[in-house]
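Report on the structure given below.
None of the figures in this text is laboratory data; all of them are computed from the coordinates on show. None of these values were measured; they are calculated from a predicted model. Cβ: placed from backbone, ideal geometry, glycine included. Neighbour counts: every protein chain shown.
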Number of protein chains: 2
Amino acid sequence: MSSAYANLTRTFTRLSRFGHLSAIAGWDMMTMMPPGGSSARGAALAELSVLRHEILTDKAVAQWLDQAANETLNDVERANLREMRRAYDQAALLPAALVEEKSLVGARCEHAWRQQRPANDWQGFAANLKEVVKLSRAEAELRAQANGCSRYDALLDLYEPGMTAAKLDSTFGELKQWLPSLLARIVEKQSRQPVAVPVGPFAVESQQLLGNALMKLLNFDFNAGRLDVSAHPFCGGVPEDVRITTRYNANEFISAMMGVIHETGHACYEQNLPKQWAGQPVALARSTAIHESQSLFFEKQLGRSTEFLSLLLPQVKTLMGDRPELEEANFIALNQRVKPGLIRVDADEVSYPAHIILRYEIERALIESEIEVDDIPTLWQEKMQALLGLDTTGNYRDGCMQDIHWTDGSFGYFPTYTLGAMYAAQLFNSVKKALPQVHSDIREGNLQPIFDWLQQNIWQHGSRFTTRQLIENATGEDLNPRFFRQHLENRYL
Amino acid sequence: MSSAYANLTRTFTRLSRFGHLSAIAGWDMMTMMPPGGSSARGAALAELSVLRHEILTDKAVAQWLDQAANETLNDVERANLREMRRAYDQAALLPAALVEEKSLVGARCEHAWRQQRPANDWQGFAANLKEVVKLSRAEAELRAQANGCSRYDALLDLYEPGMTAAKLDSTFGELKQWLPSLLARIVEKQSRQPVAVPVGPFAVESQQLLGNALMKLLNFDFNAGRLDVSAHPFCGGVPEDVRITTRYNANEFISAMMGVIHETGHACYEQNLPKQWAGQPVALARSTAIHESQSLFFEKQLGRSTEFLSLLLPQVKTLMGDRPELEEANFIALNQRVKPGLIRVDADEVSYPAHIILRYEIERALIESEIEVDDIPTLWQEKMQALLGLDTTGNYRDGCMQDIHWTDGSFGYFPTYTLGAMYAAQLFNSVKKALPQVHSDIREGNLQPIFDWLQQNIWQHGSRFTTRQLIENATGEDLNPRFFRQHLENRYL
């Protein structure tokens, strides 16, 4: 008779294979599928999603999880069992009716939002969002009861296991104290250093060549992945076949270039997850925040560093045409420009955390029923004013309606962006200690020691350790926002 | 309580959704996937295939099929039930062990063949092929017992329901009587009409533009499909999102051009299958031979007609550059050249049936145990000599090892190519009767009446009728090779 643990591994391998098909069909939907295929694709993916849910929440899985807890397992197997349990609990906890209703209401809200946002129609959006919030509160309540935690903590745990609002309050609270004044100092300093913006058109073919060259430089394995185009850049596919995307703007090449570096960070993590455990939960990326730490390590710590930009410049000049704006100092300044604005996705790394803290504070209060949807615009205005000194009165479109995340109830996701930025700074600080020559290495294009360090400390472990263990093993301490502050001060002051 | 028939439609809708994912992941594998993704993709597709087999052969399905036979159903539902029963019987008949062994042995034989063919290694190939034939005979025997027919008829029925070796013997027998002499007369005639071959390079971008223009002209719906590149051209995807492929050769553009026309014929059939029954077996294409009749209608009846080639020529000149070889008479002669050769896929439409008759006679005898694998080379030589006057002694590579079909045991498939060519000629004959101006319509680019006729007579019916009913309704009689002969004589003599 095979062990309960062996039965579980077979079940999760099967789930992983179905997940593979879901990932590829999902990627295709965003990159290749003509509009007419949408409805049939949606139905096919939903059918697979129902199947995966049934397989995961089967009674036998619950029994095997209980039995396996008493079987003799090694450390990795024990970690794998922990992740299996987590996946099962997350899936089995919600009644099917709630899952279905949330999916329907979320899809409706998101669909309407695509029209409402350009129309600045807050009232229309708020009506749908209230339904989404109602269901997200219900979900959070069920998860909170099962986990013995607060509602918001229960949602946060979906994206960053072990993270709590208390810890965020303390971390983000610290950030809030120094960020606005640091930002003001940087903006003031940069106001004395004007930059010249290169003027397009920049051929899409040249931008593609630059993207491919960057990916090669960053060790992306083209034997196990691709670069394509989509409306919103993402990293998809499966570890054996990672699909990243970008979008091209003929008037401006830096966004696509930095987007490719960012997604390549996600991709290298995926491509280097532990192959010996492939198909098992323990082989998956640790968390949303750790995933983001890898993309931000690539984009911010590495990609926007003076050394990396210098390394890149000759190729940029070759592909985009030499011109005064691509003189080295100006090119670096362009890529390190800090300019507070209304839109999160366009934000530089200094003002970005302000966007996140604002959203975190609002969504936490919303889920905990301390505020209601109607309170959002006023809070948004106040916090934008306080954190970034910007006025959004009446501008819902570029204010509280700018993001897709709330439309389908992904509350608890936003904090992972800034957690990722802080982890990235903390990891790079350890890289600098381990590799004293890292700055000259980067300038010379010798990046392998950095990849080796990440492989050794992050990638190869998959989900074997908790986020806290992983970060402590890699850096000697738990999350510490000090490294992020140091990074910003070193780069920008 | 829902009816057994309703239960069946739900089950087949579910199967169709999983089939959708299989089709898209399969297309991706051939067009987009990097080599490193191969193993994981294979495992994922196999897992889905096992699932679909389980769903289809579930005991409840067998019960519902029996119960539904006694329920009140309209004509379409009755036809749908017939196709459901057929799908169930085909799947449920074989023991899982045989299916698995056949799949393994077939994959091994095909894999080895990819090396053995270029190496002209008949002995190596024959050893594997014997295993494939053994299992195909076992499969055929089981199917034959269940259907009460001969072994080969049972395999033929998988691709062309209702077709028999007796009918093929009579039809192909007739062809054999006039084909060699007709071929000789055409070759003799054309030997007095030399053609000039345009010399490349022809930019792939220009060939793509030509392909897209052709697809538009042929009413391909780009809102529900795409054109991409693969090593072997095919038509894949799902009716809501049809994916066709071609391959480009910088030295020669006519193959890709004709390939696109061919695959667009397949695609237009798929795109115009009955949407009101989508997801049900009755909404699927009638058969392999009818599918091929649509691609050959597009490519041979329409695409290589003098009128269509004239219509096309200005665009060809624009994209490929005007040159003496693209003078109208030469361009038409190029596309209507008849030249018997060793390779089936390169054959013109006059010599093509000879390749098929040869393969049919050999594979039928093989499955019926009248010959053995070791007999194939000698038979191949004799038949090539008799039918096309060509010698293949010792040249296995371009002889009996040239096709992929036998490597995985797809015996019974070959005849559908020539059945398709004959159906295409018969259908076009009816189009000419229904649309007396069709030749001038084609020359002027007014193709809609042709598409309307196909829609009315073939596409909209899916699998509602048997092949024989469908052809009789459309043309007034059952398959009649006379129309194919007339077509060849009219075009080439």
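Dimensions of the stretch A:91-162 along the principal axes, based on C-alpha atoms and rounded to the nearest Å, stand at 41, 24, 17, largest first. Distances between equivalent label points of residue B:478 across the copies, with each point positioned 7 Å along Cα→Cβ, amount to 8.3 nm, shortest listed first.
Entry note, chain A: the mean residue ellipticity at 222 nm calculated from DSSP H runs of n ≥ 4, each adding -39500 (n - 2.57), is -20500 deg cm²/dmol after division by the residues and rounding to the nearest 500. Charges at C-beta only: +1 for Lys and Arg, -1 for Asp and Glu. How large is the resulting dipole of the protein assembly as shown about its Cα centre, in Debye rounded to 20? It works out to roughly 420 debye.
Within straight cross-link reach of residue B:275, meaning Cα distance under 23 Å, which lysines are found once same-chain residues fewer than 8 apart are removed? Of all the lysines, those that pass the test against residue B:275 - Cα under 23 Å, at least 8 places apart if same chain - are B:216. For the protein assembly as shown, the convex hull spanned by the alpha carbon atoms encloses 199 Å³ per residue. Each peptide in B:15-26, A:142-153 was scored by the mean count of other Cβ atoms within 10 Å over its residues; highest first, the order is B:15-26, A:142-153.
What list do you get for A:320, A:33 if you sort them by fewest beta carbons within 10 Å?
Numbers: A:320 20, A:33 23.
Exposure proxy ranking, most exposed first: A:320, A:33.
Classify the stretch A:256-363 from the C-alpha gyration tensor, please: rounded if a/c falls under 1.5, else prolate or oblate depending on whether a/b exceeds b/c. Oblate shape, in that a/c is at least 1.5 and b/c is the bigger or equal ratio. For residue B:130, a cut-off of 19 angstrom between C-alpha atoms picks up these lysines, skipping any fewer than 8 places away in its own chain: B:102. Taken over the stretch A:336-391, the alpha-carbon convex hull comes to 71 cubic angstrom per residue.
Within the straight-line cut-off of under 19 Å between alpha carbons, the lysines reachable from residue B:189 are B:339, sequence neighbours fewer than 8 places apart in one chain being disregarded.
If each residue's Cβ is checked for other Cβ atoms within 10 Å, how do B:349, A:382 rank with the fewest at the top?
On the way: B:349 22, A:382 12.
Ordered from fewest to most neighbouring Cβ atoms within 10 Å, B:349, A:382 come out as A:382, B:349.
Can you tell me what share of the DSSP beta bridges in the protein assembly as shown is antiparallel? A percent to the nearest 5 is fine. Close to 50 percent.
Please arrange A:463, B:181 by how many other C-beta atoms lie within 10 Å of their C-beta, fewest to most.
Ranking A:463, B:181 by Cβ neighbours within 10 Å, fewest first, gives B:181, A:463.
When you have a sec, figure out the Kirkwood radius of chain B from all distinct Cα pair distances and drop it here in Å to one decimal? The partial results should precede the final answer.
On the way: mean 1/r = 0.0418 Å⁻¹.
Answer for chain B: a Kirkwood hydrodynamic radius of 23.9 Å.
The distance linking the stretch B:25-68 with the stretch B:469-484 is 35 Å (Cα centroid to Cα centroid, whole angstrom).
Would you tell me the mean number of C-beta atoms belonging to other protein chains that fall within 10 Å of each C-beta in A:234-246, as a whole number? Display every interim value, and only then the final one.
Values: counts 0, 0, 0, 4, 4, 3, 10, 12, 3, 5, 0, 0, 0.
What the average comes to for A:234-246 is 3.
Each listed q (0.10, 0.17, 0.19, 0.22 Å⁻¹) maps to a log10 I(q)/I(0) for the stretch B:372-493, found by the Debye formula over equal Cα scatterers with no solvent: -0.50, -0.97, -1.06, -1.23. Which distance in Å, rounded to a whole number, links the C-alpha centroids of the stretch A:402-457 and the stretch B:296-320? First find each Cα centre; the distance between them is then 57 Å. Taking a quarter of the surface of the Cα convex hull of the stretch B:200-268 gives a mean projected area of 4.0 nm². If you sort the three axes of the alpha carbon gyration tensor as a ≥ b ≥ c, you get a/c of 1.5 or more for the stretch B:4-153 and a/b no higher than b/c, which makes it oblate.
All other residues with a Cβ under 15 Å from the Cβ of residue B:362 taken together, and with Lys, Arg as +1 and Asp, Glu as -1, what is their net charge?
Values: positive: B:130, B:137, B:151, B:176, B:344, B:359, B:364, B:383; negative: B:169, B:361, B:363, B:368, B:370, B:372, B:374, B:375, B:382, B:403.
Taking every other residue near residue B:362 into account, the sum is -2.
What does the charge add up to near residue B:102, with Lys and Arg as +1, Asp and Glu as -1, over the other residues with Cβ less than 9 Å from its Cβ? Show your work: numbers first, answer last.
On the way: positive: none; negative: B:100, B:101, B:139, B:408.
Combined, the nearby Lys, Arg, Asp and Glu give -4.
Starting from the Kirkwood Rh over alpha-carbon pairs, what translational D in µm² s⁻¹ does the stretch A:4-92 have by Stokes-Einstein at 20 °C and 1.002 mPa s? Walk me through the intermediate numbers first.
Numbers: Rh = 14.4 Å.
This corresponds to a translational diffusion coefficient of 148 µm²/s.
Output the relative contact order of chain A, whole-number percent, from Cα pairs under 8 angstrom with separation of 6+ residues.
Numbers: 637 pairs, mean separation 98.2, N = 493.
Computed over chain A, the figure is 20 percent.
From the alpha carbon centroid of the stretch B:105-162 to that of the stretch B:234-250 is 27 Å.
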